[in-house]
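Comments concern the structure below.
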Amino acid sequence: QKGDKMQEGKLALYYKKIENSKVQCHLCPHNCIIKPDGVGVCRARKNINGELYSLNYGRVTSIALDPIEKKPLYRFYPGSMILSAGTFGCNLKCSFCQNWSIAHDNKASSYAVDVKPSELVNKAVETRNRGNIGIAYTYNEPSVWFEYVYDTARLAKKEGLVNILVTNGFISIEPLMDLLPFIDAVNIDVKAFTASFYSKICGAVIENVKETVEICAKNCHVEITTLVIPGLNDSLEEIEELSKWLSSISPEIPLHLSRFFPNYRMTDKPPTPVETLKKARDKALKWMKYVYLGNVW
């Protein structure tokens with residue numbers, strides 16, 4: 001029956017076997033130790049008989065032909081279209097997640113369809129006549145789809161297509177370095193600029209994300225998105241610190257300051273006042289050349 005192989009999963013990369021048939025995953029800095037039949041934080045990698053498998057290989061939950069500006073990428077082939085695809089799973093636990101229905105909902109895997117790497121690449125080639133320039137791995141966290149993204153990105157390159165990651169940047173250095181030769185552009189969510197925000201609200205470590213930004217900026221086109229949330233990461237001091245740090249890498253990196261709307265488990269906060277975003281942009285422009293406001297309507 002078609003798809004059975006994909007549903008069983010594909011042997012994962014970046015793990016080691018440890019005692020009692022447990023495995024340790026090294027795809028991201030969580031370094032999850034996973035018991036037999038258990039899954040990692042991302043819910044997309046499972047210990048099956050003492051081996052680690054990717055459960056979302058070839059499993060696509062969302063696919064669309066989008067304007068590249070929706071990623072958002074404003075200074076990478078503006079006016080182009082990009083074939084966007086995503087799966088299920090995420091290695092962060094942000095309570096404000098905008099795509100929670102595929103990142104965190106256990107039902108997401110049940111409506112995923114099987115799409116082989118070659119099929120996704122063929123679809124991207126077929127949509128060239130509609131302005132498509134390549135594939136964006138997006139909607140959920142693409143790093144937890146690593147094996148599929150890696151296989152697909154290599155095939156896409158052979159067809160002269162570009163590959164784009166829309167990512168939270170929480171990935172270990174070895175897999176990141178293995179993937180980057182096939183990646184042309186990334187948009188990285190820098191969700192705040194304090195360690196406490198990352199540990200309390202995202203369940204992650206900010207230093208790992210900063211390292212990803214620094215590495216990517218040396219290897220491909222990078223744009224940054226920060227969702228500005230009232231009372232949590234909206235102080236002008238924090239926006240300035242973020243901008244100052246980004247400008248030390250390159251003042252040419254586009255920064256997208258995006259408006260928060262209540263979602264998922266964060267419904268107690270109001271939408272970000274547009275005035276807050278405008279002041280944040282003015283502050284960021286002291287350091288950065290390109291600052292854009294998102295979701296302002």
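Reported count of residues in the stretch 234-267, each being within 19 Å of Phe96 (Cβ to Cβ), open to solvent by 50 Å² or more (accessible area, probe 1.4 Å) and out of contact with any Cys (no Cβ under 9 Å at 6 or more places or on another chain), is 3. Restricting attention to the stretch 242-272, the residues being in a loop (DSSP other than H, G, I, E, B) and either under 15 Å from Thr226 (Cα atoms) or at pLDDT 95 or above (or both) number 9.
Picking from residues in the stretch 24-73 that are assigned to a loop (DSSP other than H, G, I, E, B) and surrounded by fewer than 16 Cβ atoms within 10 Å (Cβ to Cβ), the one that is nearest to the chain's Cα centre (by Cα) is Asn31. A count restricted to the stretch 216-237 and to residues that are assigned to a helix (DSSP H, G or I) and over 16 Å from Ile253 (Cα atoms) stands at 2. For the stretch 1-20, the set of residues classified as open to solvent by less than 70 Å² (accessible area, probe 1.4 Å), of a type outside the set (Gly, Ala, Ser) and either at pLDDT 85 or above or within 24 Å of the chain's Cα centre (by Cα) (or both) consists of Met6, Tyr14, Tyr15, Ile18, listed by residue number.
I'm trying to understand the selection: among the residues of the stretch 97-114, which are modelled with pLDDT of 80 or more and surrounded by 20 or more Cβ atoms within 10 Å (Cβ to Cβ)? Of everything in the stretch 97-114, just one residue is modelled with pLDDT of 80 or more and surrounded by 20 or more Cβ atoms within 10 Å (Cβ to Cβ), namely Ala112.
Counting only strands (runs of 3 or more DSSP E) that fall entirely inside the stretch 119-190 and contain at least 2 residues that are at pLDDT 95 or above and over 23 Å from Cys94 (Cα atoms), the qualifying elements are 132-137, 162-167. Are any of the residues in the stretch 259-276 touching a residue at least 40 places away in the same chain (Cβ under 8 Å), among the basic types (Lys, Arg) and in contact with a Pro (Cβ under 6 Å, 6 or more places away or on another chain)? So far as the stretch 259-276 goes, yes, one or more of its residues are touching a residue at least 40 places away in the same chain (Cβ under 8 Å), among the basic types (Lys, Arg) and in contact with a Pro (Cβ under 6 Å, 6 or more places away or on another chain).
Of all the listed residues (Gly203, Gly134, Gly160, Gly231), the sole one being in contact with a strand residue (DSSP E or B) (Cβ under 6 Å, 6 or more places away or on another chain) and either at positive phi or crowded, with 24+ Cβ neighbours inside 10 Å (or both) is Gly134.
When each of Ala185, Ala284, Ala204 is tested for being in contact (Cβ under 8 Å) with a residue 60 or more places away in the chain and in contact with a helix residue (DSSP H, G or I) (Cβ under 6 Å, 6 or more places away or on another chain), the lone residue that passes is Ala204.
All conditions in (1) open to solvent by 10 Å² or more (accessible area, probe 1.4 Å); (2) under 16 Å from Val222 (Cβ atoms); (3) out of contact with any Cys (no Cβ under 6 Å at 6 or more places or on another chain) hold for Asp184, with the sole exception of (3).
Can we say Val213 is surrounded by fewer than 21 Cβ atoms within 10 Å (Cβ to Cβ), assigned to a helix (DSSP H, G or I) and touching a strand residue (DSSP E or B) at 6+ places or on another chain (Cβ under 7 Å)? When the stated conditions are applied, Val213 passes them.
The values are calculated or read from the model by the stated rules, or taken from the named source; none is laboratory data. All of these numbers come straight from a predicted model, not from anything done at the bench. Methodologically, a virtual Cβ is constructed for each residue, glycine included, from the backbone with ideal geometry; neighbour enumeration extends over all protein chains shown. SASA here: full protein model, heavy atoms, side chains in, ligands and nucleic acids out. Shrake-Rupley method; radii C 1.70, N 1.55, O 1.52, S 1.80 Å.
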